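One structure is given below, encoded as structure tokens.
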Amino acid sequence: MKTMHQGHVASNPVQVWQQPPRLLIVDAALPSWARVCSNLCEALQNFFTLACGLEGPSRMPLFSMYVVQNQRECLLPFAQVKGNFVRLQACISELRLVPREGICQSQRSSLNLAVQDGLQQFKQYSRHVMASTTPSSPSVEMTILTCQPGKEIVKQLEGELQDTDMVNLRKLQVTEISKGDVLESTDSLWHSQTPMEELIDECSIMGANIDLQIIENDTVSMENFFKAWLQDSGTDQEHLHLLLPAQCFSSLSRAKSESMCLKCDLQERLLNPALLPGPAESPRGDFSSFCQMAPRSAASCYRLRVIKALESSGVCESLTFGLPFIIRPTSCWQLDWDELETNQKRFHALCHSLQKREWLLLAKGESSSSGLNKNSPASTFYIIFPSNSLTMLVKAVATCELLLPSSFPLPTEDPPEDILRSVENTLDGLEVVSSYNPLQIKGHLYEHLRSILSKPQDLLTPGRDFRPPRQLGRQHPNRARATVCPLPLVPTQAPSRAQKMPAATKASSEPMLLSDDEEQLF
């Protein structure tokens with residue numbers, strides 16, 4: 001499991017402001033609409049609760065929604081997502097009221113008209129609204145959610161949209177909601193090596209601008225589909241360059257050493273909890289709730305309740321975030337000596353048992369007021385790692401609400417032999433160490449701080465220039481003059497006369513601190 005997605009979580013998404021406006025067309029064809037309505041509305045409500053609650057730059061600038069049944073209807077014209085939580089919830093409430101029973105009529109032609117109306121609406125919005133604001137994406141992405149066979153919808157749209165102006169359409173996606181029940185539980189889907197995206201048919205791209213995707217009819221799958229809208233999927237440029245050391249060539253060949261550069265894209269694994277509003281008990285910050293564990297006062301004590309044991313091989317490292325904390329047996333002087341000794345022995349036994357079983361612990365953070373309040377605050381969960389010493393490592397772990405969709409494609413064949421030999425030669429030139437020792441890695445932080453702190457402070461008074469001290473007689477070769485910056489003096493003469501003082505006289509009136517040897521020269 002670790003080999004699939006071990007990358008560190010990017011705390012900030014790359015160019016999230018380049019997300020395109022999105023238009024959702026819901027195909028509420030009867031009788032299938034009754035089967036998906038509740039799951040879809042709940043997934044949309046959860047998604048927009050999260051999208052509207054995120055601080056920082058808007059990840060999803062514009063959103064619009066159409067519903068197609070007996071006729072097409074625009075439930076929400078293009079509107080800003082951020083700050084429009086009430087309006088979005090009202091739109092979802094209207095979607096819940098769409099009839100679930102009635103005469104079954106095929107309204108596939110209405111999907112074509114909804115796409116054309118959405119394009120026209122976006123053109124008008126771009127012309128009248130977006131022109132006076134910050135430049136945004138000039139194109140829109142459309143998604144059609146349907147329970148009908150996706151391939152038939154795609155073929156029909158390809159024929160009906162041939163004469164439609166698609167300049168402002170970035171992508172048109174048809175998403176078919178599976179008619180079958182959920183084949184696997186949520187837990188088995190999570191541990192499956194075949195992501196949901198790979199369940200798409202090989203001929204998913206039916207046209208230049210139309211994609212086909214299949215999702216399951218459950219809230220988790222639908223919510224996961226919408227969360228992909230929060231990720232940066234731009235392909236304008238690569239996000240990261242991974243530089244490998246230069247290969248070592250034979251001195252006889254006299255060839256120049258060339259570094260190997262792998263160009264990569266960054267993808268968020270989970271949302272940064274620091275972007276979530278809420279009290280300290282909520283899972284916000286890279287450990288802001290965990291900061292309560294720091295010894296602030298004698299009365300503060302953070303509680304973790306162990307709820308499960310986990311196999312160490314089954315924990316994905318990319319789902320942990322924030323700086324780790326180290327816990328060790330307490331040495332509190334207020335406890336009895338026998339209690340301290342017993343506590344240390346139990347702590348040691350726990351570390352030993354966890355290592356022997358190759359287990360980790362999943363714990364839940366408890367608030368002191370959670371038992372008194374019926375509406376308990378959002379919970380934070382932690383993973384506890386044992387060690388050989390009398391310490392354990394504690395790190396926060398992601399929850400379902402923060403998790404973003406990610407696919408982990410497996411290669412279909414072995415790499416070419418020539419490229420494989422080139423990469424292996426590069427790896428053979430690396431120094432191999434058995435473990436990472438942070439004491440042997442220096443980031444030149446001290447030097448950087450000294451260069452900042454050693455800069456001269458601006459102690460001069462406004463309107464006065466600093467003059468170097470006068471040379472007063474012969475100085476001792478091994479003595480240095482000790483001086484201070486000139487201080488403003490209160491003039492003892494009339495202002496008109498003070499302005500006519502010679503420069504030498506004025507300079508001599510400035511105070512100076514001399515060493516003992518220099519005072520003897522006078």
Within the stretch 43-58, restricting to residues that are surrounded by fewer than 20 Cβ atoms within 10 Å (Cβ to Cβ) and in contact with an Asp or Glu (Cβ under 8 Å, 6 or more places away or on another chain), the one that is modelled with the highest pLDDT is N46
Requested in this report: Might you check whether a residue that is exposed (fewer than 15 other Cβ atoms within 10 Å of the Cβ) and part of a strand (DSSP E or B) occurs anywhere in the stretch 353-363?
Outcome: no
Residue hits (the stretch 70-99; modelled with pLDDT of 90 or more, of a type in the set (S, T, N, Q) and either over 30 Å from the mean Cα position of the chain (by Cα) or open to solvent by 50 Å² or more (accessible area, probe 1.4 Å) (or both)) are Q80, S93
* If you go through the stretch 257-280 one residue at a time, do you hit one that is open to solvent by less than 60 Å² (accessible area, probe 1.4 Å), at pLDDT below 50 and not polar (S, T, N, Q)? -> yes
The lone condition R467 fails out of (1) in a loop (DSSP other than H, G, I, E, B); (2) at pLDDT 85 or above is (2)
For the stretch 427-451, pairs from a residue that is under 25 Å from M260 (Cβ atoms) to a residue that is modelled with pLDDT under 85 and surrounded by 10 or more Cβ atoms within 10 Å (Cβ to Cβ), with Cβ under 7 Å and 6 or more apart or across chains, are G429/P245; G429/Q247; G429/C248; L430/P245
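Of all the residues that make up the stretch 44-82, how many are hydroxyl-bearing (S, T, Y) and outside any strand (DSSP E or B)?
Number of matching residues: 2.
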Residue pairs qualifying under the 8 Å Cβ cut-off, at least six apart or on distinct chains, with the first in the stretch 366-390 being within 21 Å of T342 (Cα to Cα) and at pLDDT 60 or above and the second being aromatic (F, W, Y) and open to solvent by less than 50 Å² (accessible area, probe 1.4 Å), are L390/F347
Of the conditions (1) part of a loop (DSSP other than H, G, I, E, B); (2) at pLDDT 50 or above; (3) open to solvent by 40 Å² or more (accessible area, probe 1.4 Å), the single one that G234 does not satisfy is (3)
**Request:** Evaluate the stretch 8-22: report whether one residue or more is at pLDDT 90 or above and open to solvent by less than 60 Å² (accessible area, probe 1.4 Å).
**Result:** yes
Residues of the stretch 47-80 being within 12 Å of C91 (Cβ to Cβ), touching a Lys or Arg at 6+ places or on another chain (Cβ under 8 Å) and aromatic (F, W, Y), in sequence order, are F63, Y66
Over the stretch 386-432, the set of residues surrounded by 10 or more Cβ atoms within 10 Å (Cβ to Cβ), part of a loop (DSSP other than H, G, I, E, B) and hydrophobic (A, V, I, L, M, F, W, C) is L390, A398, C400, L402, L404, F408
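The values are calculated or read from the model by the stated rules, or taken from the named source; none is laboratory data. In this text, all values refer to a predicted model and were calculated from it rather than measured experimentally. In this analysis, Cβ positions are derived from the backbone assuming ideal geometry, glycine residues included, and neighbour counts consider all displayed protein chains. Accessible surface is based on the protein model in full, side chains and every heavy atom, while ligands, DNA and RNA are left aside. Shrake-Rupley method; radii C 1.70, N 1.55, O 1.52, S 1.80 Å.
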